[in-house]
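Colleague: Right, I'll just put the structure down here and ask away after.
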Amino acid sequence: MKALVLTGIKQFEIMNRDTPFIGENEVLVNTAYAGVCGTDHDLYAGRPGSAPAVPPIVLGHENSGVVAAVGSQVTNVKPGDRVAVDPNIYCGQCEFCLTSRPELCDHLSAVGVTRDGGLAEQFVAPASVLYALPDNVPLKDAATIEPISCAVHGVDLLELHPYQKALVIGDGFMGQLFAQTLQAYGVHRVDLAGIFDDKLERNKALFGVAGTYNTRRERIPEESYDVVIEAVGLPKTQSDAVKATKKGAQVLMFGVGPQEAHFEMNTYDIYKKQLAIKGSFINPHTFRDAISLLASGKINVAPLISHEFELDQVQDFLDGKVEGVSKAVVKVAA
């Protein structure tokens, strides 16, 4: 099989590899599509994602495909099933797994991060992380279920009500997903701040976003929002997120910034406004909700997928040689 192997920092090599062996509780998947996201940029550059990736490794943690073979103990899927794969695998035994916080697992492993993933024609995953797809969900769209599930986990951490007014800061793929997810969860008004007029206008025209701010020329109003989701990860936008809050508001810090980055905020405002500021990490037990949102049409990803690459084009993308990308997926097999 053909595989795109990360062999070192910013080094890829297309290799021919043997078909992976599957254990009794594992599944062999013929990859259809693999999404490429900010985590892959970090892993490619030698930075950790949900965990460090140690070369040689096949990246690709946002995967869809068709079951090729199953182990002797597998009962939830069968050969020929169209599936999406939750990359995250928990130990089930550490303090965090045993206290219903598996996303913080001390021994977290992940398809496409710590074990070979979907940037290959075939990969292996535990049966427990495979989800059969409804007939109306295309395999291309299904490659975005993992990021949708991360957005679902983020909103699950918040206390949401229809009366609330929400702001998403960041018009990248995750910011646009959050704008749709908040509406799917019943928030009556969602605004979006970003830096690209075309993305901001698209979200107003197609996805029900009420108001937009291009932060290159407009200021986000302060003390205006009940819920603010920061989906950029820069100190400036993190500070803006806190400033945008009303009394009693909630802030979700979702954007992943540099590990050494810090931002400043007025700690008295946290007290005076009774703010709740939360982080959000990966996607525990949210895959079924993500699939349902996609299948029902409450989340529409097709207009957000701007580029479809082949395996040999991935490195150029991660090197920043491709402009205007909203969301990129890799077509691995027919």
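The values are calculated or read from the model by the stated rules, or taken from the named source; none is laboratory data. The shown structure was predicted, so the numbers you read here are calculated from the model rather than taken from an experiment. Here Cβ is always computed from backbone atoms with ideal geometry, including for glycine, and neighbour counts include all displayed protein chains.
Colleague: If I filter the range 94-111 down to residues being buried (at least 21 other Cβ atoms within 10 Å of the Cβ) and touching a helix residue (DSSP H, G or I) at 6+ places or on another chain (Cβ under 8 Å), which single residue comes out as nearest to residue 59 (Cα to Cα)?
Modeller: Among those that are buried (at least 21 other Cβ atoms within 10 Å of the Cβ) and touching a helix residue (DSSP H, G or I) at 6+ places or on another chain (Cβ under 8 Å), it is 111.
Colleague: Which one of the conditions (1) touching a His at 6+ places or on another chain (Cβ under 6 Å); (2) buried (at least 18 other Cβ atoms within 10 Å of the Cβ) does residue 91 fail to meet, given that it meets all the rest?
Modeller: Condition not satisfied by residue 91: (2).
Colleague: Of these, 37, 91, 97, which one is assigned by TED's automatic domain parsing to the domain that holds residue 135, touching a Phe, Trp or Tyr at 6+ places or on another chain (Cβ under 9 Å) and free of Cβ contacts under 8 Å to residues at least 24 places away in the same chain? First the steps, then the outcome.
Modeller: Working: 37 fails: free of Cβ contacts under 8 Å to residues at least 24 places away in the same chain; 91 fails: touching a Phe, Trp or Tyr at 6+ places or on another chain (Cβ under 9 Å).
Testing whether each residue is assigned by TED's automatic domain parsing to the domain that holds residue 135, touching a Phe, Trp or Tyr at 6+ places or on another chain (Cβ under 9 Å) and free of Cβ contacts under 8 Å to residues at least 24 places away in the same chain leaves just 97.
Colleague: Being over 22 Å from residue 154 (Cα atoms) and either touching a helix residue (DSSP H, G or I) at 6+ places or on another chain (Cβ under 6 Å) or modelled with pLDDT under 95 (or both) is the requirement here; does residue 56 meet it?
Modeller: Details: over 22 Å from residue 154 (Cα atoms): yes; either touching a helix residue (DSSP H, G or I) at 6+ places or on another chain (Cβ under 6 Å) or modelled with pLDDT under 95 (or both): no.
So residue 56 does not fit the description; no.
Colleague: Can residue 328 be described as farther than 27 Å from residue 188 by Cβ, crowded, with 20+ Cβ neighbours inside 10 Å and in contact (Cβ under 8 Å) with a residue 24 or more places away in the chain? So that I can check it myself, show each step before the final result.
Modeller: Values: farther than 27 Å from residue 188 by Cβ: yes; crowded, with 20+ Cβ neighbours inside 10 Å: yes; in contact (Cβ under 8 Å) with a residue 24 or more places away in the chain: yes.
Here the answer is yes, as residue 328 does meet what is asked.
Colleague: Now a separate question. Any idea which of (1) among the aliphatic types (A, V, I, L, M); (2) exposed (fewer than 15 other Cβ atoms within 10 Å of the Cβ); (3) touching a His at 6+ places or on another chain (Cβ under 8 Å) is the one residue 261 doesn't satisfy?
Modeller: Failing condition for residue 261: (3).
Colleague: Are any residues in the range 43-67 buried (at least 20 other Cβ atoms within 10 Å of the Cβ) and not β-branched (Val, Ile, Thr), and if so, which ones?
Modeller: 43, 44, 49, 50, 53, 59, 60, 61, 62, 63, 64, 65
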